[in-house]
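The values are calculated or read from the model by the stated rules, or taken from the named source; none is laboratory data. Please read all numbers here as calculations on a predicted model, not as lab measurements. In this analysis, Cβ positions are derived from the backbone assuming ideal geometry, glycine residues included, and neighbour counts consider all displayed protein chains. Accessible surface is based on the protein model in full, side chains and every heavy atom, while ligands, DNA and RNA are left aside. Shrake-Rupley method; radii C 1.70, N 1.55, O 1.52, S 1.80 Å.
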Amino acid sequence: MNLVLNKLKRAWRGIVWYLREVSGEARYDHYLEHFAVEHPGETPMSEVEYLRAREEYDRLHPNTSCCC
Amino acid sequence: MTNVASSAAAQAPAPGRLEFENDYTPAEAERVIRNSKGLPVGVRPKMVWTWPKALLWAAIAIVGAIGWSILAVSRGEQISAIWFVIVALCSYAIAYRFYAYYIQMKIMRTDDANATPAERVHDGANFERADRRVLFGQHFAGISGAGPLVGPILAAQMGYLPSVLWIILGVILAGAVQDMLVLWISAKRRGRSLGQMATDEMGKFGGMILSIFLVVMTAIAMAFLALVAIKAMASSPWAVFSIGMTIPIALLMGCYQRFLRPGRVIETTLLGFVLLVLDIVAGGYIADSPVLAPIFTLTAPQLVIALVIYSFAAAALPHWLLVTPRDYLSTLMKIGTLVLLVIGILIANPSVQVPALTELAFTSNGPTFSGDLFPFLFITIACGALSGFHGAVSSGLTPKAVEKENQIRMIGYGSMLVESFTAVIALIAAITLSQGLYFATNMSAAQIQATAGESYSAEASPEANAVAATENMQVSDIEGEQMTTTWESVDENGDPVVYEGEEALTKAAEDLGEQSIVSRTGGATTFAMGMANFLKSYLGGQGSLGFWYHFAIMFEALFILTTVDNGTRVARYQIGEMLANVKRLKKFGDPTWKPGNIITTLVATALWGGLLWMGVADANGGINAMVPIFGISNQLLAAACLMLVTVCVVKMGRAKYAWIPVIPLVWDVAVTFTADFQKIFGPLSYFTTAANYRAQIDSGALEGEALANARAALSNAYLDGVLSVFFLVMMGVFLIVGIVVVAKTLISGKVGVETTSEEPFVESQWFAPSGLVATKLEKKVQREYSAKLHELAQNAEAAA
């Protein structure tokens with residue numbers, strides 16, 4: 001019983017992980033990881049600041065997704 | 001450049017994972033690639049055969065072969081649509097495992113010791129490693145669109161066999177090869193775009209041609225797909241309301257994410273999806289209401305105006321407010337609906353109504369597209385088998401995010417196989433409807449009148465005329481008898497009844513919540529009818545047919561609206577960049593310059609809006625005239641991509657294997673140039689059409705609306721003709737440039753990395769598995785990698 005429960009828990013965590021990654025929700029977490037290594041000791045942007053910066057970047061660098 | 005510590009932080013190994021025991025077998029140990037620091041960074045690809053594996057592949061091959069022979073030889077008997085799914089999946093599996101692997105070994109020679117752009121640049125923005133499974137999903141969302149849903153539907157008039165052959169063999173030998181190889185050349189060149197790579201490898205002239213071609217192609221694709229959406233929405237209050245409401249839903253989602261829950265994408269998407277379902281349900285009530293229905297009943301020209309205004313607003317509004325949230329919705333719909341559909345087909349187990357080849361396969365005047373099977377069937381089924389536009393996507397974000405070179409096969413080839421599978425599903429949707437229904441839906445009013453001939457009556461209902469027209473067409477069904485119009489439904493008492501003839505068409509429209517389904521050309525209506533039939537089989541039953549039909553229309557329309565925004569935006573930047581090449585107009589290169597933005601948006605919108613307007617104004621419905629333009633331009637772009645790949649392959653000194661991109665290139669050139677030639681010269685050409693209209697106008701026999709229609713058709717035909725000439729000249733020149741570069745390289749014999757723009761080798765510090773599922777060996781290497789990283793980090797600390 002416990003084994004099944006554990007397996008279900010793992011599967012659920014996997015699904016959440018995948019959705020967060022694929023939807024871009026986990027992007028800020030990756031930014032923090034990246035920042036901690038590249039700029040140790042400095043304060044990273046807050047999540048809202050990061051999202052704004054990212055939006056601005058995407059606006060100026062539109063990616064080509066397929067139109068057909 | 002990344003140091004070891006950064007990778008360690010990015011993948012902080014869980015304690016349990018550190019338990020690495022050196023338990024490689026000798027054969028396995030040989031395959032592990034280690035870098036100079038002793039880190040295991042990859043596994044050399046190798047086919048390891050065991051008995052169970054060999055038996056499994058033999059079984060797949062046998063099942064696939066049985067499936068193919070059933071599809072190819074069955075005559076005069078019913079077959080199940082599930083065979084199409086089986087045939088596709090078996091063929092894909094074999095192609096992916098063997099052919100794509102062969103290309104990987106012989107041409108790409110992927111090497112996990114070499115760092116990918118994500119690792120070389122690693123800027124934390126676009127050049128950031130993405131897990132291979134995540135990247136697969138994102139790449140698929142990037143390449144998939146409404147294209148594969150439209151082509152197979154239109155092609156179904158000739159029977160299923162040529163379509164299914166081209167969709168499956170085409171993707172295996174051409175489409176997926178192109179996607180994977182473009183992804184590969186771009187990943188070897190720091191994720192450069194198609195235009196930049198063409199400039200680097202084939203000179204400035206080649207690059208310029210490709211850039212111009214991309215803009216024109218984007219405009220044509222947008223116009224064509226928008227036309228498909230408009231054909232599905234015109235005079236359908238349910239569709240207009242539910243699709244129109246996606247705009248306020250997106251605004252709401254945008255605000256929710258911006259102000260209430262910043263960054264909570266999944267939550268926002270779920271909220272949007274719930275609203276979307278409620279919206280589709282509400283559409284049904286709107287359509288039934290005598291007060292509200294007329295407000296949302298719009299004609300095609302009105303919809304064009306609405307769409308153009310909308311796309312302008314979308315370009316002006318901030319991104320987070322409208323475009324981003326709708327992207328979420330359409331991505332969710334793309335992947336979710338595909339899964340629902342496959343389950344639906346398996347449960348509904350529909351039987352195929354259309355024969356392998358219909359009589360129309362041997363003529364050139366079928367209603368959905370005109371021209372002979374070769375070449376026009378192959379350009380009508382564009383995106384599901386071979387799509388040039390994917391080259392632009394494969395050289396966009398994906399190569400910047402891929403972790404290891406060995407993953408390119410899975411991401412590039414694999415995603416395109418899924419795209420092709422979507423096309424197979426669209427084909428199933430079309431061929432499981434009765435043929436009479438299919439033709440009644442896919443013939444324009446003018447075609448119905450012409451085909452019905454003497455049976456046509458201006459007083460009769462469109463349904464009666466459509467049935468008269470299909471009775472006049474000498475087309476057989478799968479059992480070899482004259483095709484019929486049928487619709488399976490239930491009567492007032494809930495008993496199953498098969499309606500026939502005119503009744504079938506009216507009953508179908510009633511079940512689907514539409515006023516009429518006659519002359520709903522463009523393929524979207526047909527696809528939605530098929531899809532509704534699959535989904536109602538296990539979700540909601542007969543009563544849910546109207547909901548699922550409009551769900552399907554929504555599914556296609558969301559793709560198309562995303563295309564309209566995205567395309568306008570991309571075309572705007574491309575136009576800006578092109579203008580910036582002119583000295584005096586340098587300012588256009590600056591994307592923050594507002595006046596420049598407005599001008600380039602205007603140009604982009606005028607391009608596709610103009611084409612769309614002409615399509616709608618066309619008396620024959622426009623689809624028939626637009627399909628070849630769209631298909632030819634998209635597949636000419638594919639020829640350009642394959643040419644570019646060939647140049648790179650030859651420059652790397654792998655000319656021996658150049659046949660891999662050259663075979664699809666030659667086929668594609670044969671198809672597109674023949675089609676384009678026939679569209680410029682001869683009886684099918686746009687100029688002949690134009691001359692006919694000119695003669696009619698000059699004769700003075702036309703008056704009023706007929707005269708206006710003829711004038712519109714005349715200018716359409718001229719524009720389409722000019723575009724065809726433009727394509728032929730541009731791509732002819734591009735191919736010649738490519739052939740010259742190849743010839744020069746072969747004659748001089750100078751090959752190798754230094755002759756191309758490929759980046760020199762840089763040692764990798766990352767490890768990640770190659771396939772969708774990590775192998776046993778890869779799991780062992782992962783453990784060793786984590787342990788070694790940990791050790792290296794500790795050593796570094798101790799040294800400090």
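Let a ≥ b ≥ c be the square roots of the eigenvalues of the Cα gyration tensor of region B:271-342; is it rounded (a/c under 1.5), or, if not, prolate (a/b larger than b/c) or oblate? Let's see the in-between values first.
Working: a/c = 1.95, a/b = 1.11, b/c = 1.76.
Cα axes put region B:271-342 in the oblate bin.
Round to the nearest 10 and give me the degree value, 0 to 90, for the angle of helix B:414-431's Cα axis relative to the longest principal axis of chain B. Taking Cα atoms only, the helix is inclined about 20 degrees. For residue B:468, the shell of other residues with beta-carbons less than 12 Å away shows a net charge of -4, using +1 for Lys and Arg and -1 for Asp and Glu. If the cut-off is 24 Å between C-alpha atoms, which lysines fall inside it for residue B:750, apart from same-chain ones fewer than 8 positions away? Here the lysines satisfying the reach criterion relative to residue B:750 are B:106, B:188, B:204, B:651, B:656.
Here the extension length gained between residue B:493 and residue B:93 equals 139.3 nm, from 0.36 nm per residue of separation less the Cα-Cα distance.
Based solely on its DSSP helices, what 222 nm [θ] is calculated for chain B when runs of n ≥ 4 H residues each add -39,500 (n - 2.57) and the sum is averaged over all residues, nearest 500 deg cm²/dmol?
On the way: 31 runs with 501 residues, N = 800.
Only helices count here, giving -21000 deg cm²/dmol.
Chains A and B together bury some 3300 Å² of accessible area, summed over both sides, with a 1.4 Å probe.
Among residues other than residue B:762 with Cβ under 10 Å from its Cβ, the summed charge is -2 (Lys and Arg +1, Asp and Glu -1). Does anyone have the angle between helix B:194-233 and the longest principal axis of chain B? Alpha-carbon axes, 0 to 90°, nearest 10? Once rounded, the angle reads 40 degrees. Springs between alpha-carbon atoms under 10 Å, Gaussian network over chain A: tell me which of A:54, A:13, A:27 tops the mean-square fluctuations. Greatest mean-square fluctuation among the candidates belongs to A:13. Annotation: amide H of residue B:43 within the under-5 Å range of B:33, sequence separation 5 or more or interchain, hydrogens built in the peptide plane. Peptide B:562-573 has a mean of 3 when you count, residue by residue, the C-beta atoms of other protein chains within 10 Å of its C-beta. Does region B:94-164 classify as rounded, prolate or oblate by the C-alpha gyration tensor (a ≥ b ≥ c root eigenvalues; a/c under 1.5 gives rounded; else a/b over b/c gives prolate, otherwise oblate)? Judged from the Cα gyration tensor, region B:94-164 comes out oblate (a/c at least 1.5, b/c at or above a/b). The amide H of residue B:490, built 1.01 Å from its N in the peptide plane, has B:497 as neighbours under 5 Å, considering only residues 5 or more places off or on other chains.
Using only Cα atoms, what Kirkwood radius does region A:1-60 have, in angstroms? Write out the running numbers ahead of the final one.
On the way: mean 1/r = 0.0725 Å⁻¹.
For region A:1-60, the Kirkwood estimate is 13.8 Å.
Remark on residue B:382: its backbone amide H falls under 5 Å from those of B:151, a criterion applied only to residues 5 or more positions apart or on other chains, H modelled at 1.01 Å from N. For region B:523-533, 3J(HN,Hα) computed residue by residue from phi via the Karplus equation (6.51, -1.76, 1.60; θ = phi - 60°) reads x, 5, 5, 4, 4, 5, 5, x, 5, 4, 5 Hz, glycine and proline entered as x.
The mean number of partner chain beta-carbon atoms within 10 angstrom of a residue's beta-carbon across peptide B:385-392 is 2. Taking the C-alpha atoms only, the angle from helix A:47-60 to the longest principal axis of chain A is near 60 degrees.
Decide, for the protein assembly as shown, between rounded, prolate and oblate: order the square roots of the alpha carbon gyration tensor eigenvalues as a ≥ b ≥ c, take rounded if a/c falls under 1.5, and otherwise choose prolate if a/b is larger than b/c, else oblate. If you can, show how the numbers build up before the last one.
On the way: a/c = 1.56, a/b = 1.48, b/c = 1.05.
Note, shape of the protein assembly as shown comes out prolate.
Each residue of region B:561-575 was assigned a 3J(HN,Hα) from its phi angle through the Karplus curve 6.51 cos²θ - 1.76 cosθ + 1.60 (θ = phi - 60°); the sequence is 5, 4, 4, 4, 5, 4, x, 4, 5, 5, 4, 4, 5, 5, 5 Hz, with glycine and proline shown as x. Rounded to the nearest whole Hz, the Karplus-based 3J(HN,Hα) values (6.51 cos²θ - 1.76 cosθ + 1.60, θ = phi - 60°) of region B:315-323 follow the sequence 6, 7, 5, x, 4, 5, 7, 10, 6, with x at glycine and proline. Here the peptides B:227-233, B:785-791, B:65-71, B:415-421 are ranked by packing, the mean other Cβ count within 10 Å, and the order with the highest first is B:227-233, B:415-421, B:785-791, B:65-71.
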